[in-house]
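Worksheet for the structure shown next.
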Amino acid sequence: MSSADNHPGLHVVAAVIRGTDGRILITRRAPQVDQGGLWEFPGGKLEPGEPRLRGLQRELEEELGIRLEHAAPLLQLQHDYPHQRVLLDVFEVTRWQGTPWGREGQPLQWVTPESLLDYAFPAANAPIVTAARLPRWCLVTPAPEGPVAAWLAALERCVQAGCRLVQLRAPALARADYISLAESSIALVHRYGARILLNAEPALAHALAADGVHLNSRALREHLVRPLPSPMLISAACHDTTELAAARAVGVDFVLISPVAATQSHPGAPTLGWSGLSALALSAGLPAFALGGLGPQDLALAAAAGCLGVASISAGWRDPGAMNDAAATHALASFGGLENAAL
């Protein structure tokens, strides 16, 4: 359970309700309330001492007439208003009983994840919209060794197995070789309906029609404003609160927080551990992937720490079948222990 359960201030829960066809349920706020007419994700305030999932279950019954059966954490957001600190716990709901309807007269709409960008939400919901559009896994590619054709075949196995988000990382390649590899990788990944970010300069990602760019720590320091337009995605590598603040200032969509555990590439380097990861994820204000010595088996722990998912290099490359939506559903099926059992 996240440390957020003991967090002071106003505690709010919200649900990204995802149907079996992948569409997401959103509701529209009444015209007479604050930010009326905007769309939102169902949820509301927790009562004093109320467990998170109990409160979410109550809110969904009151608003939509459904009974929650299973939910897994998707995102935590913390915001300090002048008069109050607000903690928002967002859960992904994939099982419920009943048919949702607007018990309070609110309009409902089932939309595809990408169509969320066509609806007007309160500004505070922007990270939720991003999280709802992202998978639970992010594959960070290892540098090519040996024939490029064999490397591309391995990448194809990953996306063919269901990996939906790839970061192309090959820092040792000469620029011309990286561009050639990126062109082939983009075409391959897009053929399977997945998305790919380049670990390179944003202009190159835009020119090659990639889905976005990943900014390492050096690149993050070089940008003061968002370097690519939406809906292109921007991720950033973050290791501490200073870099997280820089990522928010730049306007990135999500972050990779590392290193959580020891890695082969940096033996003996200090690690965050799960408690350190949880503290950074809570302060991020953005969807976060846990990175560093982790694999698919760590998804439930990463989610409990407040992360959207896990980013992996060697583990994902070795076992691509464990990095798809079905594997994520299985990994999160037992999330919450007593929390979900109480439903």
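The values are calculated or read from the model by the stated rules, or taken from the named source; none is laboratory data. If you're wondering where the values come from, they're calculated on a predicted model, not measured in any experiment. We place every Cβ from the backbone using ideal geometry, glycine too, and count neighbours over all the protein chains shown. Areas reflect the complete protein model, heavy atoms only, side chains present, ligands, DNA and RNA absent. Shrake-Rupley method; radii C 1.70, N 1.55, O 1.52, S 1.80 Å.
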Open item on the list: Take ARG58 and THR112, extend 7 Å from each Cα along the Cα→Cβ direction, and tell me the distance between the two endpoints in nm.
Closed with: 3.8
Task: Nitroxide proxy distance, nm - points 7 Å out along Cα→Cβ at ALA154 and THR20 - done: 3.8
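How would you order 165-178, 120-133, 300-313, 274-287 from highest to lowest mean count of nearby Cβ atoms within 10 Å?
Details: 165-178: 16.5, 120-133: 18.3, 300-313: 25.9, 274-287: 21.1.
Ranking the peptides 165-178, 120-133, 300-313, 274-287 by packing returns 300-313, 274-287, 120-133, 165-178.
Just add up the charged neighbours of GLU201: K/R +1, D/E -1, any other residue whose Cβ is under 12 Å from the Cβ of GLU201. The partial results should precede the final answer.
On the way: positive: ARG175, ARG218; negative: GLU222.
Spelling it out: positives minus negatives among the neighbours equals +1.
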Open item on the list: Let me spell out the model: positive unit charges on the Cβ of Lys and Arg, negative unit charges on the Cβ of Asp and Glu, origin at the Cα centre of the chain. What dipole size does that give, in debye rounded to 20?
Closed with: 280
- [ ] For every other residue with a beta carbon closer than 12 angstrom to the beta carbon of ARG29, add +1 if it is Lys or Arg and -1 if Asp or Glu, then tell me the sum.
- [x] -3
- [ ] Specify which residue in the list MET323, CYS138, LEU155 is farthest towards the positive end of the charge dipole of the chain, using unit charges on the beta carbon of Lys, Arg (+1) and Asp, Glu (-1), about the Cα centre.
- [x] LEU155
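What's the local net charge at GLU62, with K and R +1, D and E -1, over the other residues with C-beta under 14 Å away?
Working: positive: LYS45, ARG54, ARG58, ARG67, ARG103; negative: GLU47, GLU50, GLU59, GLU61, GLU63, GLU104.
Here the charged neighbours net out to -1.
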TODO: Order these peptides, 324-330, 136-142, by their mean beta-carbon neighbour count within 10 angstrom, highest first.
DONE: 136-142, 324-330
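Hey, can you find the accessible area per residue of the chain for me, probe 1.4 Å, expressed in square angstrom?
Details: 15110 Å² over 343 residues.
Accessible surface, normalised per residue, equals 44 Å².
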Open item on the list: I'd like the antiparallel share, as a percent to the nearest 5, of DSSP beta bridges with both residues in the stretch 47-169.
Closed with: 85
TODO: Determine the percent antiparallel among the DSSP beta bridges restricted to the chain, to the nearest 5.
DONE: 40
Open item on the list: Leaving out ligands, DNA and RNA, and with a 1.4 Å probe, what % of the accessible surface on the chain is carbon or sulfur?
Closed with: 55
TODO: May I ask which residue of GLY65, LEU272, LEU228 lies farthest towards the positive end of the charge dipole of the chain, with charges of +1 (Lys, Arg) and -1 (Asp, Glu) on Cβ and the Cα centre as origin?
DONE: LEU228
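Taking the Cα centre of the stretch 188-343 as origin and charging only Cβ (+1 Lys, Arg; -1 Asp, Glu), how large is the dipole, in debye to the nearest 20?
Dipole size: approximately 220 debye.
First measure r as the distance between the Cβ atoms of ARG318 and TRP274, then evaluate 1/(1 + (r/R0)^6) with R0 = 25 Å and state the FRET efficiency to the nearest 0.05. Spell out each step's value before the answer.
Numbers: r = 23 Å, r/R0 = 0.91.
That pair, ARG318 with TRP274, gives E of 0.65.
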